Amino acid sequence: MSATGQVRQRMPTDIVAMKGGDPIVCLTAYTTPIAKLVDADCDLVLVGDSVGMVLHGLPSTLGVTLEMMIMHGQAVARGLSHACFVIDMPFGSYEESPQQAYRNAARLMSETGAAAVKLEGGVHMAETIAFLVQRGIPVMAHIGLTPQSVNLFGGYKVQGRGEAGAQLLADAQAVAKAGAFSVVLEKVPGGLADQITQALPIPTVGIGAGVGCDGQVLVVDDMLGLFTDFKPKFVKRFGNLGADAAAAVADYAAQVRARAFPAPEHAFADEVVKK
Ligand code: KIV
């Protein structure tokens, strides 16, 4: 609470302070109404590049542009007053060099008001993360299944099984050392996610990584049952809004066809006549 009694919007430093404490609640949002809906219950809201698949019908996140992220980021900013606001750096906007990453991260933050950026990669992105953090840009890292590398992985597969676990631990340690304020662990075996969580001084936020992380993130449309084209096994549905909406549309169509639907202009015409 501030001196005026208003709740202060969470910053990356507030997320770091939650390490080992109450679990961090995180969801994605891409629009103002959804941002308003999730804001009070979330510690962190992410404008994920999953927006490309969920709202734009793209086959992967690779086609998402900086302009798309900025437009959705601006929409989400209008709906947030409590949760820490983080925005994804899209494919091709940061991998080339730390300088390219800085230029585009600065644009994302200045044009959307986001408090931090998220980017994918471990050891090989550590130099870029350090470059951004040293210049005032808080970074959330993302390791494990990094969807922008789907073509390299050959699909959306679990990462870090067996001997690959040691590489993932090294990735986690590298991004923490570089100054990331938190790290997303996506599709990683639960035991490995627990081990990484114990080893790191920064919060881990899991998605398909068991229950032992410092927090959890889900794509909001997945957990509401709105996005059904692609359903990762780990996604638990907390609502069935897609089916509810389809039933409502079918009901509307049936009423229109049966001329049972009171059209608004009739109601308006009645009111005019009464006056
Ligand atoms: O793009 C996204 O929504 C994400 C989360 C699923 C972590 O990266």
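The values are calculated or read from the model by the stated rules, or taken from the named source; none is laboratory data. This one's a predicted model, so the numbers in the text were calculated from it and none came from an experiment. Note: ideal-geometry Cβ built from the backbone for every residue, glycine included; neighbour counts use all protein chains shown. Protein only, heavy atoms only, side chains kept; ligands, DNA and RNA dropped before computing areas. Shrake-Rupley method; radii C 1.70, N 1.55, O 1.52, S 1.80 Å.
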Margin query: For the stretch 178-236: of the residues being hydroxyl-bearing (Ser, Thr, Tyr) and more than 14 Å from the ligand (Cβ to nearest atom), which is most open to solvent (accessible area, probe 1.4 Å)?
Written below: Thr228
Next item on the list: Give the stretch 6-39 a look and list any residue that's in contact with a helix residue (DSSP H, G or I) (Cβ under 7 Å, 6 or more places away or on another chain) and either without any contact (Cβ under 8 Å) to a residue 24 or more places away in the chain or in a loop (DSSP other than H, G, I, E, B) (or both), or say none.
Entry: Ala29, Tyr30, Thr31
Check: Is there a residue in the stretch 204-218 that is touching a strand residue (DSSP E or B) at 6+ places or on another chain (Cβ under 8 Å), among the acidic types (Asp, Glu) and at negative phi?
Finding: yes
Notebook entry, point to check: Within the stretch 58-91, can you find the residues that are part of a loop (DSSP other than H, G, I, E, B) and more than 15 Å from the ligand (Cβ to nearest atom)?
Noted result: Arg78, Gly79, Leu80, Ser81, His82
Margin query: I'm trying to understand the selection: among the residues of the stretch 25-82, which are surrounded by fewer than 20 Cβ atoms within 10 Å (Cβ to Cβ) and of a type in the set (Ser, Thr, Tyr)?
Written below: Thr31, Thr32, Ser60, Thr65, Ser81
Item checked: Per-region count, the stretch 33-84, residues over 18 Å from Tyr156 (Cβ atoms), among the polar types (S, T, N, Q) and under 15 Å from the mean Cα position of the chain (by Cα) -> 1
Check: What number goes with the only condition from (1) outside any loop (DSSP other than H, G, I, E, B); (2) farther than 30 Å from Lys233 by Cβ; (3) open to solvent by 30 Å² or more (accessible area, probe 1.4 Å) that Glu96 does not pass?
Finding: (1)
Margin query: So Met125 ticks every box in (1) touching a residue at least 12 places away in the same chain (Cβ under 8 Å); (2) away from the ligand (no atom under 16 Å from the Cβ); (3) assigned to a helix (DSSP H, G or I) but one. Which box is left unticked?
Written below: (2)
